[in-house]
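Take a look at the structure below.
Bear in mind that the values in this text are calculations on the coordinates, not laboratory data. Just so it is clear, the model here is predicted, and its values are computed rather than measured. Reconstructed Cβ throughout: ideal geometry from the backbone, glycine too, with neighbour counts over all protein chains shown.
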Amino acid sequence: MKVSTTPLYANEALGRAVTFYSSGQSLTIPKPIRNYHYKIFRERHDSNYMISEFQSQALVFLARAIGAKRVLEIGVYVGYSAMIWSHAVGPQGKVTGLEYNEEYAKLAQEAWKDGGFENIDVHVGPAAETLTKLADISEPYDIIFIDADKTGYSGYLRQILKMSAPGAKNRLLRPGGIIAADNTLRQGLVAESGPDNPWRPADFDNPDSSQAIAVAAIREYNDLATENDRLETLLIPLWDGLHLSRLVD
């Protein structure tokens, strides 16, 4: 019988080679967007907040596969992933961002303006608040991408489901729409946080450990999504974990 275990390559060098090959066989991200990714990677110490180029290719493919034209992004950082969604939905589509950090939002807006991205806007403030104040949900979103503070993930999911009630006049997410949550494996710690995980932090058993708190929050989110009968879910063990949920009603 074929087993479901995913052999994620024998060593890091092979993993890099396979990723590079796979990315090269996948759809192309426009050069100006790739240049911005490289600029952020080169210049900012917090560039790990940004999704990878290979994951970007997957998200563009996903958006186009379901014919997405409206995307809501919870957690904008400095605007790269919103560019990816803008490219995916095309100039007639719409991307709405929610960002807590005013400095990040400003940098994102400057980058969008410089790049000619006219179909993206951003709301600044705590997403739990700005989410409920969105002015334009007369047309529901096709995809909601969650890539923000990990302790907020479960709350965001509850709000999304509440604002997407079956039969509601102004739904946040359409029936069949996708909720994509990033970083839902946290270097594998969500699945295995014992000594077999080489990325386990030394202070992981400390209840005040930021990584331990984030892992607990992500476990809660994963369980909440998986156990909800309004969602069909798929947790992909690539990148840092991408949890896809399809709203079935």
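Select from 28, 226, 184 the residue whose mean-square fluctuation is largest in a Gaussian network model of the chain (Cα-Cα springs shorter than 10 Å).
Looking only at 28, 226, 184, the largest GNM fluctuation is found for 28.
Name the long-range amide H neighbours of residue 146: under 5 Å, sequence gap of 5 or more, or other chain; modelled H, no Pro or chain starts.
74, 180, 181, 182
Calculate, in nm to one decimal, what residue 191 and residue 46 gain on full extension: separation in residues at 0.36 nm each, minus their alpha carbon distance. Numbers along the way, then the final one.
Values: separation 145, 0.36 × 145 = 52.20 nm, distance 2.49 nm.
Once the chain is fully extended between residue 191 and residue 46, it gains 49.7 nm.
List the longest stretch of the chain that has no exposed loop site; here a site is one of the GluC sites (Glu not before Pro) assigned by DSSP to anything other than H, G, I, E or B, with at most 13 other Cβ within 10 Å. Spell out each step's value before the answer.
On the way: sites that count: 118, 192, 227.
The reported range is 1-117.
Pick from 123, 87, 45: which residue has the top mean-square fluctuation in a GNM of the chain where Cα pairs under 10 Å get a spring?
Most flexible of the set in this elastic network: 45.
Put a dot 7 Å past each Cα toward the Cβ at residue 239 and residue 209; how far apart are the dots in nm?
The two pseudo-label positions are separated by 2.5 nm.
Please list, ordered by chain and number, the residues whose modelled amide H lies under 5 Å from the amide H of residue 70; skip anything fewer than 5 residues away on the same chain.
94, 142, 143
Say R0 is 25 Å: what FRET efficiency, to the nearest 0.05, do residue 223 and residue 248 get from their beta-carbon distance? Can you show the working numbers first?
Numbers: r = 18 Å, r/R0 = 0.72.
That gives a FRET efficiency of 0.90.
Under 5 Å between amide H atoms, partner at least 5 residues away or on a different chain: which partners does residue 235 have, H built in plane at 1.01 Å?
Correct list: 244.
Determine which lysines satisfy two conditions relative to residue 133: a Cα distance under 23 Å, and not lying fewer than 8 residues away in the same chain.
Once the sequence-local lysines are set aside, what remains near residue 133 is 69, 94, 106, 150, 162, 169.
Select from 170, 243, 146 the residue farthest towards the positive end of the dipole of the chain; place +1 on Cβ of Lys and Arg, -1 on Cβ of Asp and Glu, and compute about the Cα centre.
170
Given a Förster distance of 25 angstrom, what is the FRET efficiency for residue 65 paired with residue 121, based on the Cβ-Cβ distance and rounded to 0.05?
On the way: r = 25 Å, r/R0 = 0.99.
Using R0 = 25 Å, I get an efficiency of 0.50.
Just want to confirm a number: the relative contact order over segment 1-82, from Cα pairs under 8 angstrom separated by 6+ residues, in percent.
Numbers: 28 pairs, mean separation 24.7, N = 82.
Here the relative contact order equals 30 percent.
Can you give me the distance in nm between label points at residue 17 and residue 134, each placed 7 Å from the Cα along the Cα-to-Cβ direction?
With each label point 7 Å from Cα toward Cβ, the separation is 4.4 nm.
Given the options 54, 87, 233, identify the residue whose Cα lies farthest towards the positive end of the charge dipole of the chain (+1 on Cβ of Lys, Arg; -1 on Cβ of Asp, Glu).
Looking along the dipole axis, the top candidate is 87.
Size of the dipole of segment 25-92 about the Cα centre, Lys and Arg at +1 and Asp and Glu at -1 on the beta carbon, nothing else charged, in debye to 20? Kindly include the intermediate steps, with their values, before the conclusion.
Details: 8 positive and 4 negative charges, 41 e Å.
Computed about the Cα centre, the dipole is about 200 debye.
Treating only the Cβ of Lys, Arg, Asp and Glu as charged (+1, +1, -1, -1), what charge dipole size does the chain show about its Cα centre? Round to the nearest 20 debye.
Values: 25 positive and 31 negative charges, 174 e Å.
Here the size comes out at about 840 debye.
What residue among 228, 48, 183 has the largest mean-square fluctuation in a Gaussian network model of the chain, using Cα springs under 10 Å?
The residue with the greatest mean-square fluctuation here is 48.
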